[in-house]
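The values are calculated or read from the model by the stated rules, or taken from the named source; none is laboratory data. As the structure is a prediction and not an experimental result, all values here were calculated from the model. As a convention, Cβ positions derive from the backbone with ideal geometry for all residues, glycine included, and neighbour counts pool all protein chains shown.
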Amino acid sequence: MDENCNNKNLLKNIPLPCCIIGEDGNVKEANQKMSEVFTYDGITGAKLFALTGIKRSDLINSIKDGKERAIERNGKTFILLSELDENGFLFVYFVDVTKREKYKSNYKNKKLAILLINIDNYDELIASTDVENKMLVPTEVDKVIRHWASRYDASVSRVNEDEYIMFVYRENAENIITGKFEILDEVRKIESMVDFPVSLSIGMGISGDSPSKTEEYAQAAVELALGRGGDQAVVKNGNRMHYYGGKLQTVEKSNKGKSRIIGHALKQLIKESSKVLIMGHKWPDLDCFGASIGAHRICESCEKETYIVIEEFNEALQRIYNQAKEIGKYQIIGRERAIELCDENSLVIIVDTHRPSLVECEELLYCTNKIAIIDHHRMAEDAIEGATLAYIESYASSASELITEMIQYSIDKKNISKFEAEALLAGITVDTNSFANKTGVRTFEAAAWLRRAGADTAEVKRFFQVEATTFQARAEAIANAEYLEQGIAIAISEGYSTEAQIINSQVADQLLSVKGIRASFVMGKNDRNVTVISARSLGEINVQIIMEEFDGGGHLTAAGAQVDLTPQEVSEKLKEILPKFLDKMDSKEK
């Protein structure tokens, strides 16, 4: 009793709201000023956690780590300071920091966010419009952008024909993010009078230490948005990236000027290097291998010592790989040998990927400063940095298509062998599902050029032949597929297979032929006990965004991932997350 009386007297003399917490986490005593925190009476005997949402152990830890614990009560913000006495009683002081938090909030809200806005495919848009109406669309886009900026009290300036810069307070930037960058949908509704819609790429930079740093964030964000195919916004907040939009299929560029420039630049790089090492992603597919063979052709024309780096591959590559070995002129080596050969004057050409975690031999990235990337996937956040030459065009059907265009401007078609033309054509064929998906005019032009260069379509078809067991596994997966609402098909290929990636992609492609199916997801384990996921869609559903939930990626209509979950766990997670993605996509469609 004496101790309780002493505590009561002690609390009376403390000029802050204060209470004493026992070892059981209950309030033992509280002074009158606690009414400033809690408007109700009788907190003595109540649980601290019930009152504040903070545990006694957390407050004891805050004594050691200095971390602030705060609550909002009675329209005010309080931080909880603690002191532990020798009897195990915890004295908790509630310090009113409402004004401080208001100042902090005002400071944060009034910091500038910077947005860089690009009109996608501006050159194609102008070139495809008749003379009388050339400025109608740009003028309408300008009007929509300025009206959108005014809604958020932002300053916007036109930098050049297809670029804008916008400055906005952080609090309004948060409102733009909450609104999911609705301008993407507004611009898409503009009548373009051409065969593709108008779209924007937006990069927002926030939380930079200085205006120049914030602009640097915005520049990195808009480059990522463009690299991912446009029609989307990317927000860079320090090291964190967030994506919005990305609904449209990437528009094919009609001008091949960039292919010509990149082709000449690559040849110059090759000539300046001591040797060339070409690699794609781990467990390469036909597109990866075909692009590697095509890149080898360019290097050979420059008379440079060239190697193709492949450590492991599956059955789908066996026939074409064996044929390449039989020809004898392609030096195909493993990772260890590649590391031995690579020096600072070597050129490393990376095809069909741009992510360091996916390349065949990541160590090569640090052996030289000369790196060239040729890829067709949407730009990922963890892209290889500091590449000497980067040709990442998400409009293209395949890496083989990009390499084929570069070859056209680098060497005469008489100098490309029949096998090389067939390897490139096989790469295009596999990534377009036999010219059914993501196929543009330039894709057919590349295929036609390869055909004229000697590619035999019958021989290309032989590259796709599989073992009977693989065919049976594919048939079983299709037969046991599960059909969900909103046009979704999910299938699991049972067992373990070196061909899991091929089986899954083929099953996913075939499920799209079922009436009413808009997207398909197929998963199965490979021989390394890793679950491989293949996702396909007809264009209404962006499977790339869904696969990014599994740390994968790809394109709007074709994507994939590799995870440590079981196929059944992947199926359950898909069923859990799909509704929120489908609801968002369908609402945008409406």
Where Leu59 falls short, out of the listed (1) within 25 Å of Tyr103 (Cβ to Cβ); (2) surrounded by 11 or more Cβ atoms within 10 Å (Cβ to Cβ) | (1)
Do the conditions hold for Ile350, that is, is it more than 14 Å from Lys258 (Cα to Cα), of a type in the set (A, V, I, L, M) and surrounded by fewer than 20 Cβ atoms within 10 Å (Cβ to Cβ)?
-> no
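Report, by residue number, each residue of the range 160-173 that is without any contact (Cβ under 8 Å) to a residue 60 or more places away in the chain and assigned to a helix (DSSP H, G or I).
Answer for the range 160-173, where residues must be without any contact (Cβ under 8 Å) to a residue 60 or more places away in the chain and assigned to a helix (DSSP H, G or I): just Asn172.
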Take the residues in the range 419-435 that are without any contact (Cβ under 8 Å) to a residue 40 or more places away in the chain and surrounded by fewer than 24 Cβ atoms within 10 Å (Cβ to Cβ), then tell me which one is nearest to the chain's Cα centre (by Cα).
-> Thr432
Could you run through the range 151-196 and say how many residues are over 21 Å from the mean Cα position of the chain (by Cα), within 15 Å of Ile117 (Cβ to Cβ), surrounded by fewer than 17 Cβ atoms within 10 Å (Cβ to Cβ) and charged (D, E, K, R)?
-> 5
The range 84-142, subset among the acidic types (Asp, Glu) and at pLDDT 90 or above, residue nearest to Ile177 (Cα to Cα) | Asp142
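Of all residues in the range 197-216, which are farther than 24 Å from Val144 by Cβ and either of a type in the set (Asp, Glu) or surrounded by 24 or more Cβ atoms within 10 Å (Cβ to Cβ) (or both)?
Kept after step one, since they are farther than 24 Å from Val144 by Cβ, are these residues of the range 197-216: 207-214, 216.
Matches in the range 197-216: Asp209, Glu216.
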Name the residue, out of Glu485, Glu467, Glu499, Glu476, that is of a type in the set (D, E, K, R), out of contact with any Lys or Arg (no Cβ under 6 Å at 6 or more places or on another chain) and more than 19 Å from Ala316 (Cβ to Cβ).
-> Glu485
If you go through the range 339-390, how many residues are aliphatic (A, V, I, L, M) and part of a strand (DSSP E or B)?
-> 12
Residue list for the range 442-477, filter: of a type in the set (Val, Ile, Thr), more than 20 Å from Gly294 (Cβ to Cβ) and surrounded by fewer than 19 Cβ atoms within 10 Å (Cβ to Cβ) | Val466, Thr469
Could you please give the count of residues in the range 532-554 that are part of a loop (DSSP other than H, G, I, E, B), aliphatic (A, V, I, L, M) and either within 20 Å of Ile502 (Cα to Cα) or not assigned by TED's automatic domain parsing to the domain that holds Arg518 (or both)?
-> 1
Which of the residues that make up the range 252-269 are at pLDDT below 85 and surrounded by 22 or more Cβ atoms within 10 Å (Cβ to Cβ)?
-> Ser259
In the range 1-25, residues that are aliphatic (A, V, I, L, M), exposed (fewer than 11 other Cβ atoms within 10 Å of the Cβ) and at pLDDT 90 or above total 0
Total residues in the range 271-297, condition of a type outside the set (D, E, K, R), surrounded by fewer than 24 Cβ atoms within 10 Å (Cβ to Cβ) and more than 19 Å from Arg337 (Cα to Cα) = 0
Could you identify the single residue in Phe94, Phe78 that is of a type in the set (Phe, Trp, Tyr), within 30 Å of Glu174 (Cα to Cα), surrounded by 12 or more Cβ atoms within 10 Å (Cβ to Cβ) and in contact with an Asp or Glu (Cβ under 8 Å, 6 or more places away or on another chain)?
-> Phe78
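Table: residues versus (1) free of Cβ contacts under 8 Å to residues at least 60 places away in the same chain; (2) assigned to a helix (DSSP H, G or I); (3) not acidic (Asp, Glu).
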position	(1), (2), (3)
Pro138	yes, yes, yes
Arg146	yes, yes, yes
Met193	no, no, yes
Ala221	no, yes, yes
Lys236	yes, no, yes
Only unsatisfied item for Ala453, checking (1) outside the structural domain of Gly294 (by TED's automatic domain parsing); (2) among the hydrophobic types (A, V, I, L, M, F, W, C); (3) touching a helix residue (DSSP H, G or I) at 6+ places or on another chain (Cβ under 7 Å), is (1)
